[in-house]
Amino acid sequence: MSKLYSGAEIVFKCLEDQDVEVIFGYPGGAVLPIYDELKNFKSIKHYLVRHEQGAGHAAEGYARSTGRPGVLLVTSGPGATNAVTALTDAYMDSVPLVCISGQVPTHLIGTDAFQECDTTGITRPCTKHNWLVKDVKNLSQTIHKAFEVATTGRPGPVLVDIPKDVQFQKTGYTKFKTQKKINGKIHNKFSQKEIDELIKLMTLSSKPIFYTGGGVVNSGPKASELLRELVNLTGFPITSTLQGLGAFPGNDSQFLGMLGMHGSYEANNAMHDCDLMINIGARFDDRITGKIDEFSPKSKKIHIDIDPSSINKNVKVDLPIVGDVAEVIGSTIKTIKKVKPNFLKSNNQKISKWWEKIEKWRSVNSFDFVNSSETIKPQYAIQRLYELTKNKDTYVTTEVGQHQMWAAQHYKFDKPNRWMTSGGLGTMGYGLPAAVGVQVAHPNKLVIDIAGEASVLMTMQEMSTAVQYSLPIKIFILNNEYMGMVRQWQELLHDKNYSESYTAALPDFVKLAEAYGCVGMRATKPEELDDKIIEMINTDRPVIFDCLVDKQENCFPMIPSGKPHNQMLLGPKDQQEKKITGKGKTLV
Amino acid sequence: MGKSRSAYSIPGKQGKFDTHIIVVWVDNEAGVLARVVGLFSGRGYNIESLAVAEVDPKLNISRITIVTTGTPQVIEQIKLQLKKLVPVHKVADFKREDKKVIFKEMALFKVVGNNSKKEKALKACKKYNPVILDKTNKSYVIQITALRREIDVMTKNLKKLGLISVSRTGAVAMTRGSEIFK
Ligand SMILES: Cc1ncc(C[n+]2csc(CCOP(=O)(O)OP(=O)(O)O)c2C)c(N)n1
Ligand SMILES: [Mg+2]
């Protein structure tokens, strides 16, 4: 007879077989048998967080910066409910997570037992799938299936709920053989005919644009390489969603910057006026499309996505191509090279007028701002941070708010998996624990959380985790004392009624840093910024950097609610100089 | 709607609503119905009726029949979202008007009254394969199978003939001829 293993052992045997090296978690009654086994599995390192939401975001940071699934382990009841925000965040942004939760023993399920909650019920809408394992015989199969579901097709979070008695029960274990990665539940594969059609539309277009998203990053580094090749091969302009940043080099001349609500003038106008839109791994989110009825009215639209349900959900497209981004781009490049070896040459002429138009939009310089010699402008702080860290292969996470948008506008990424931000759910408190996860995955890299003072307080306790494991994350707070993004909306849309968006009692972040046992720094004047940033970079310990910035600054450009792309609000400088006139400019 | 003050866009034009019957084959496991129904409620889709039962005990497959209404775009989303659920094997969809598909609901009527009333009630059901399931001096329980709106009409008409209780199922569906759902 083969050896028998307890459910708790099987959990770790499965993790070993899945090559999991790191888990983030927090113990409690219903997972104690699993925690008891931890010592026997040396290849798996457990990181003790300070809140289960932190475990979830750390696992997300780990996953997004490595392309591998993140794993978290939480107890029943409050442990599981605390993880819900992170699971939802991962669901919205397609991050592969495997959450293992303890549950009360099977005979107590349904009795309102201590720390019982309907975990699979609560997490059903925020996971790709979840399982309650009531028999240890199904445990290994379920965990392996969980990894498969999380990582195939459009990635996302899954949860395996394991009652405490199942963790004690014993059964045999057969080693898991990794199979070739399959496309989850999606069996339809794109056809050469679709690729031919795509190329035909590309040749016919005189105003094309690539609109790329997080799907390119999720498809793996190869997809980003191929994207670069395709963009070079065609000479087409390219814009990216918030999640897609880094898939294409941010400082390349063909890159128009991020699009969407706070995207660049040239990207949004090009999206509006194009005659061909090639969406690669993006999902026509409402922050991107603005008013749907007026979204890019004159264009043919192509949508390449691994998830068929993302196609035609918000915007009707002319040519859907369901498939893995890397494979679709790969075939496209191959076909172009075969049938149109001179694509670039023959097309350059055709799209030159388009580029002229784009350059005109670009000259508006829509991310520009009025700098100051007295106060630190948040945009300036990010520009300096970028200049001083760009040669270091830096990993950046963010919280949610103005600082996040300024980071997206002014920090230029040239590699995928370097930019971790909560886009779909917009979770304040994401960035700090995500930075913990990123630093765990990349111990020798510079990891910076570009933060807002309000957001960072939501998960500040994870500084303690960073200190415990000597993770030298840098929390770079653009401290404007306001929930800046809320204040901005109130200024522009609610008659400057700044209802509850000012934090009247902020902690002293420098002292807070010291209390946590890390390094606190503060910059108050533009002229000291560079030196302090350099000092921060050179500090080999976790740092909280309190950067006091202009409290009134607004994030521009901006597409106001319910407006189409070509009706953007531009920044104060443009308003003063009145550079743009006509339809392109609508001011509140 | 006036000037939008929300961070969200103004709703776009709404398309025309159609009624569709969606048939879903799922693993008969704990929580599977909650997954399907939760998808509808979570995404704001409408369920007009729902019928579910295991159809293959060996393979553990249940068949769920859902009547729903929505724009063509919403119906398409419903199908695609259903297909993404792990325990879902197959999804079929057709319009209510589709001539190639039969669908039926069953209703049980309890009528109470004197003989003449009871017989009148039974007669009124004649078109819908009435079966008397239970009979006493004072009452009948009549089973009929019919379309939703036919049952609606019957429910109204039987009121004056002593109808005191109605129980009805959701629609189930089957293709005509030798074809089966793909
Ligand atoms: C958990 C959560 N609660 C509320 C919000 C709504 N919200 C979006 S941005 C924001 C303000 C963020 O303030 P801060 O972190 O200081 O960033 P700033 O905009 O000032 O840069 C708020 C409250 C949110 N996104 N997440
Ligand atoms: Mg702030």
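The numbers here are math on the coordinates, done by the rules we state, and not lab data. If you're wondering where the values come from, they're calculated on a predicted model, not measured in any experiment. Cβ sites come from the backbone with ideal geometry, for glycine too, and all protein chains shown count toward neighbours.
Values as computed for the structure displayed
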read-out	value
Value of relative contact order over segment A:502-545, rounded to a whole percent, pairs C-alpha under 8 Å and six or more apart	43
Cα shape, segment A:1-113, gyration tensor, a/c 1.5 rule	oblate
Under 27 Å from the Cα of B:LYS126 - lysines, other chains or at least 8 residues apart	B:LYS99, B:LYS100, B:LYS104, B:LYS110, B:LYS117, B:LYS118, B:LYS135, B:LYS138, B:LYS156, B:LYS159, B:LYS160
Gaussian network model of chain B, Cα within-10 Å springs - most flexible of B:GLN81, B:GLN143, B:GLN14	B:GLN14
Burial order of peptide ranges A:190-201, A:285-296, B:53-64 (average beta-carbon count within 10 Å, highest first)	A:285-296, A:190-201, B:53-64
Cα gyration tensor category, rounded, prolate or oblate, for segment B:74-182 with a/c compared to 1.5	prolate
Entries in A:LYS128/A:LYS338; A:LYS13/B:LYS58; A:LYS301/A:LYS415; A:LYS360/A:LYS496; A:LYS316/A:LYS350; A:LYS193/B:LYS90 that, when Cα-Cα distance is taken, lie over 29 Å	A:LYS128/A:LYS338; A:LYS13/B:LYS58; A:LYS360/A:LYS496
Coil-residue trypsin sites (Lys or Arg not before Pro) of segment A:481-531, DSSP, other Cβ within 10 Å capped at 12	A:LYS496
Computed over segment A:414-522, the ratio Rg/Rh where both radii use C-alpha atoms and Rh is Kirkwood	1.01
Rg followed by Dmax, in Å, when segment A:256-361 is reduced to its Cα trace	14.8, 40
Chain A, relative contact order [Cα under 8 Å, separation at least 6], %	14
Tail fraction, Cα-Cα pairs, segment B:122-180, threshold 15 Å, whole percent	55
At q = 0.07, 0.10, 0.11 Å⁻¹, base-10 log of I(q)/I(0) for the protein assembly as shown (Debye sum, equal scatterers on each alpha carbon)	-0.59, -1.09, -1.26
Global form of segment A:227-310, assessed from the alpha-carbon gyration tensor, a/c cut-off 1.5	rounded
Rounded to 5, the percent of DSSP beta bridges in chain A classed as antiparallel	5
Whichever aspartates and glutamates have a C-alpha closer than 13 Å to that of B:LYS123, once near sequence neighbours (fewer than 8 apart) are set aside	none
Too-long pairs where the Cα-Cα distance tops 28 Å, listed order kept, from A:LYS412/A:LYS573; A:LYS39/A:LYS134; A:LYS3/A:LYS145; A:LYS511/A:LYS573; A:LYS3/A:LYS45; A:LYS313/A:LYS390	A:LYS511/A:LYS573; A:LYS313/A:LYS390
Trypsin sites (Lys or Arg not before Pro) restricted to segment A:1-83 and DSSP loop, no more than 12 other C-beta within 10 Å	A:LYS3, A:LYS42
Estimated Rh, segment A:316-389: Kirkwood, alpha-carbon pairs, angstrom	17.2
